[in-house]
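Step one of this worksheet: look at the structure below.
The numbers here are math on the coordinates, done by the rules we state, and not lab data. This structure is a prediction, so every number in the text was calculated from the model and none was measured. Positions of Cβ are backbone-derived with ideal geometry, glycine not excepted, and every protein chain shown enters the neighbour counts.
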There are 2 protein chains.
Amino acid sequence: MARELIEDSEAFITEVCWHYYVNEMTQAEVARLMDVTRLRVNQAIQRARQLGMVKIQIESPFTTRIEMQESLKSTLGIDRAVVTPANRDAYDYHQPTGAALAALLTERLRAGGWSSFGVSWGLTLDAAIARLTKQNHPDLEVVSILGGTAQGSSFNSFGIASGFARALGAHYSILTAPIYLSEGLDRDLFLSQFALREHFQKFDNLDAVLLTCSNVSNKSFLVSHGLPNELTPASLIEQGAIGDVLGQFLDKDGNSVSKAVDDRAVGMLLEKVQRVPEKIMAAAGPHKVEIIRAACKRGLVDTLVTDDVTAELLMSAELSDAPPTAK
Amino acid sequence: MARELIEDSEAFITEVCWHYYVNEMTQAEVARLMDVTRLRVNQAIQRARQLGMVKIQIESPFTTRIEMQESLKSTLGIDRAVVTPANRDAYDYHQPTGAALAALLTERLRAGGWSSFGVSWGLTLDAAIARLTKQNHPDLEVVSILGGTAQGSSFNSFGIASGFARALGAHYSILTAPIYLSEGLDRDLFLSQFALREHFQKFDNLDAVLLTCSNVSNKSFLVSHGLPNELTPASLIEQGAIGDVLGQFLDKDGNSVSKAVDDRAVGMLLEKVQRVPEKIMAAAGPHKVEIIRAACKRGLVDTLVTDDVTAELLMSAELSDAPPTAK
DNA sequence: CCGCAATTCATGCATTTGTAAACTGATTCA
DNA sequence: TGAATCAGTTTACAAATGCATGAATTGCGG
């Protein structure tokens with residue numbers, strides 16, 4: 001049962017957090033000072049964390065796992081790898097990967113030179129938004145490069161682009177379309193609508209893209225919620241698909257599997273992605289190992305943000321699977 | 001037992017903090033995962049906090065104490081007041097005041113429009129630096145507006161200006177001079193040195209200044225360590241001094257007390273400070289109530305950053321002390 | 001090889017934190 | 001009126017944390 005309206009005002013939560021985090025008082029002390037129950041203080045702090053009101057930042061997040069990053073770079077043939085330490089017991093890849101992506105993005109934006117970048121969507125990007133601290137890039141535009149699903153979750157197309165834009169103090173441009181066209185609808189005709197045509201033109205001038213990927217299983221939100229009824233996971237697997245990038249399915253060598261499906265995907269085509277100057281993929285989880293590898297082979301990745309669990313698998317899988325070739 | 005040399009390197013501390021803060025593991029879990037003692041993990045986290053590697057930011061620090069801020073504004077006749085909740089038991093005003101100043105500064109810089117600002121020095125500004133997250137303002141210059149003391153602490157003139165510049169990604173310019181000239185040394189002659197003359201010219205174009213103040217007691221670092229031998233606190237008090245701003249002493253109405261002393265202070269003159277577009281004073285503590293009030297009367301303050309303890313005293317003192325006049 | 005000094009480790013314990021269950025007191029509604 | 005509902009408090013307790021203590025280990029000079 002959804003019980004809402006336990007309305008502790010933002011001011012109350014803020015003051016509690018201030019005492020707790022800045023003044024380093026105990027929860028009991030805060031409770032006594034503010035004349036409330038300790039329970040309320042405890043809840044307020046948890047709410048604040050949940051709402052992302054307190055942002056905990058670790059300076060220099062890239063100094064760990066350096067050796068891994070180096071070997072991962074050469075193994076996958078990419079320009080840069082960021083490997084974060086994951087929690088192996090309560091394994092959740094979204095949070096650490098998102099946090100690392102947020103830090104990386106902040107650093108890249110600080111370096112300057114970007115006037116727009118594209119974003120897909122997913123839980124990893126949602127986690128990154130929650131970790132971003134407020135910034136100000138009035139001349140930056142966040143461009144959605146993938147249609148959305150009917151379920152309007154926060155990690156859906158609209159929420160991701162606007163979330164990045166809000167945190168970064170930037171503009172955004174949304175792809176107001178479903179991720180897959182109905183069967184039989186002509187792609188070119190559909191995309192010729194004025195609003196979409198204008199949006200698609202932005203794809204040609206992106207300075208960077210933030211990509212994610214997923215495998216073909218019900219762990220993938222796209223597969224479990226976004227696929228049209230006629231497209232079954234089984235049929236995709238039959239064609240050799242091991243996962244998707246931007247709704248377009250690849251086999252284990254990074255080749256497109258089905259032109260029929262790709263043509264129905266509303267978003268940036270992979271051919272166009274390959275021409276973007278900076279391609280950052282954030283993806284982690286054992287089930288994504290193969291599709292990450294495929295995306296790298298396809299040349300869709302300059303920088304990979306992942307965790308150590310996935311990194312290890314990526315390297316061992318690569319070794320056991322691929323024949324020894326000249327690099 | 002595998003006995004490896006576990007250095008307390010930055011990488012180690014970073015990874016511990018990553019697990020603890022991002023992955024929300026317990027210290028014991030982190031210890032087990034990384035194969036070290038729990039004590040080491042505990043110490044690493046404390047070290048990280050102490051070193052300022054983990055920055056905890058609270059999103060909206062200005063929403064608390066709103067009523068107080070409003071009444072403080074009208075009581076003191078200033079444009080803006082930021083009142084932070086202090087820890088009344090283990091009373092330390094530097095941390096919360098510094099944290100609030102850091103947040104305010106970040107916001108003002110995000111708004112844009114500053115090309116340089118002046119800083120004095122002191123523990124409050126040191127605390128603000130520790131709270132600042134890394135930013136990038138390549139066209140910004142931090143200008144030291146007060147000479148330093150012989151003791152080269154981190155909160156001394158050099159450390160403060162360079163600290164702000166490092167955190168903000170800005171340039172800085174140092175006032176390489178003692179805070180007080182030797183007795184008898186001609187001010188104009190001394191300041192005519194090329195390096196100093198150039199520096200002093202920057203005072204004319206500052207967009208803002210970050211000021212502090214102190215009373216006349218050994219709580220004041222300036223008084224206890226920076227005063228020339230011939231200048232005793234007693235003699236200053238005798239002349240009616242209740243505290244200083246930039247090494248220049250004021251009486252309770254904000255009038256300069258001793259031209260002789262002021263002339264020996266190497267820094268921005270208060271007359272010049274009054275012409276700066278944005279004057280931000282960060283000061284808290286019961287012993288600073290009178291000098292804060294005096295500084296406001298003198299017109300040295302547009303924005304006051306303080307804590308609730310001091311704010312209350314400021315308002316009650318104002319009421320009890322001043323004759324009832326028309327607002 | 002021994003013993004001394006300096007670390008580092010294991011252990012124990014008091015405090016703090018997170019969470020569930022029982023309680024209270026007001027409000028609603030049959 | 002009195003049971004049901006609900007918001008919030010109190011109580012209780014297990015887990016996590018911070019810290020101190022003595023034991024064990026290491027380095028090193030004699």
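Details
- Remark: label point of A:Asp253 defined 7 Å out from Cα along the Cα-Cβ vector; separations to the same position in other copies 9.2 nm, ascending.
- Listed residues A:Ala294, A:Ser162, A:Ala90: farthest to the positive end of the dipole of segment A:66-321 (Cβ charges): A:Ser162
- Reducing segment A:102-174 and segment A:37-54 to their Cα centroids gives an inter-centroid distance of 26 Å.
- Filter on A:Lys55/B:Lys134; A:Lys73/B:Lys55; B:Lys252/B:Lys288 - keep pairs with C-alpha separation over 20 Å: A:Lys73/B:Lys55
- Around the amide H of A:Asp307, modelled in the peptide plane, lie the amide H atoms of A:Thr84, A:Gly285, all under 5 Å away and 5 or more residues distant in sequence or on another chain.
- Overall, the ratio between the Cα radius of gyration of the protein assembly as shown and 2.2 N^0.38 Å, rounded to two decimals, is 1.12.
- Highest-MSF residue in chain A out of A:Met68, A:Met53, A:Met281 [GNM, Cα springs under 10 Å]: A:Met53
- Result for chain A in a Gaussian network model with C-alpha springs under 10 Å: among A:Asn215, A:Asn87, A:Asn42, the largest mean-square fluctuation is at A:Asn42.
- Candidate lysines - alpha carbon under 24 Å from B:Lys202, same-chain residues fewer than 8 apart omitted: B:Lys259, B:Lys272, B:Lys279
- For the segment A:43-53, counting C-beta atoms of other chains within 10 Å of every residue's C-beta and taking the mean gives 1.
- Degrees between helix A:66-76 axis and first principal axis of chain A (Cα, 0 to 90, nearest 10): 20 degrees
- Relative contact order of chain A, pairs being alpha-carbon contacts under 8 Å that are 6 or more residues apart, as %: 18 percent
- Per-residue mean of foreign Cβ neighbours for A:16-28 is 6 (Cβ atoms of other chains, 10 Å radius).
- In sequence order, segment A:80-92 has phi-based couplings of 8, 9, 10, 10, 9, x, 9, 8, 6, 7, 8, 6, 9 Hz under the Karplus curve 6.51 cos²θ - 1.76 cosθ + 1.60, θ = phi - 60°, and Gly or Pro positions carry x.
- Using a 7 Å Cα-to-Cβ projection, A:Ser9 label spacings across copies, nm, ascending: 5.1
- Using distinct alpha-carbon pairs, which all enter the 1/r mean, Kirkwood radius of chain A in Å: 21.2 Å
- In terms of the mean number of neighbouring beta-carbon atoms within 10 Å, the peptides A:157-170, A:21-34 order highest first as A:157-170, A:21-34.
- Plainly put, the tip 7 Å out from Cα toward Cβ on A:Ser74 is 7.1 nm from that tip on each other copy, the closest given first.
- Segment A:197-247 shape via C-alpha gyration tensor axes, a/c threshold 1.5: prolate
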